[in-house]
């Protein structure tokens, strides 16, 4: 019952316009606000990839995972059997997401997510407000999401067995402080060639998400985005570097709501016929000096 890609993410903000400004001026997304104050951010032909809802606290809400209709219907039965299904979206909520149908479910670590099928494309071509900005999306989805998973083994099994993710890499890092446990991150691929669309970290995330990744089309795109981040005075929480497992060259910054964003280039694409999952004990080939909040 394989998930094909990460279709969208939902974020809640007391002031969604903060993300409209960030999307358009820093990341190079196209953005709009509706009569309810909701912000939609586009980075390709999809109607949106980020939906920012108005609420009484700033936090990450959910990832939205895409499936085909037959796989979706079969997965619903598995979610029900595992008591993971929370609700089914109504017609108005489905229209908001430009999908035929969706449900809300919860993984063993308490992370809510949405599962959907039948998403329509936007009738308008995507044009970035930042000259030259382009993104690696399409069938690969919007990028990747890293979630906190205190029930690490059970949550990894859930995404593999129920949603059809495959293991890409199991990373174990030394303790961040004396007396602390090792850090573990499992990287999982969906039904496309991106190295991972989901990763699970066995620690907390104050905003509800460890980070979200946007992949750009060139190293110059990444460097120019870094210039815009610094010009806006946004905190850089990881310097430019290259990851060991997916080979991504990237940096991280803190977006409104305390949500870390990775902006990268040159992520590894898998040959699913020959790929063998890896284990790693080093996060980075070079760079990525981290200074994450909390």
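Laboratory data are not the source of any read-out in this text; all were calculated from the coordinates shown. Model, not experiment: these values are computed from the prediction. Because the Cβ atoms are built from the backbone with ideal geometry, glycine has one as well, and the counts that use them run over all protein chains shown.
Oblate is the label for segment 114-272. Its Cα gyration tensor axes, ordered a ≥ b ≥ c, give a/c of at least 1.5 and b/c at or above a/b.
Taking every DSSP bridge with both residues inside segment 138-287, close to 70 percent are antiparallel. The GNM of the chain, with springs linking C-alpha atoms under 10 angstrom apart, assigns the highest mean-square fluctuation among 83, 157, 44 to 83. By the helix-only formula, in which each DSSP H run with n ≥ 4 contributes -39500 (n - 2.57) and the sum is divided by residues, the chain has a 222 nm mean residue ellipticity of -5000 deg cm²/dmol.
Decide, for the chain, between rounded, prolate and oblate: order the square roots of the alpha carbon gyration tensor eigenvalues as a ≥ b ≥ c, take rounded if a/c falls under 1.5, and otherwise choose prolate if a/b is larger than b/c, else oblate. Note, shape of the chain comes out rounded.
Inter-part distance, segment 122-147 to segment 213-275, computed on C-alpha centroids, equals 14 Å.
If the segment from residue 183 to residue 220 were pulled out straight at 0.36 nm per residue, it would be longer than the present Cα-Cα gap by 10.1 nm. In segment 5-117, the inverse of the mean reciprocal separation of distinct Cα atoms equals 14.7 Å; this is its Kirkwood hydrodynamic radius.
Peptides 112-121, 86-95, 130-139 ranked from most to least packed give 112-121, 130-139, 86-95, packing being the mean of other C-beta atoms within 10 angstrom over each peptide's residues. Each residue, residue 279 and residue 83, gets one label point 7 Å from its Cα in the Cβ direction; the gap between the two is 3.3 nm. Per residue, the Cα convex hull of segment 99-203 amounts to 144 Å³.
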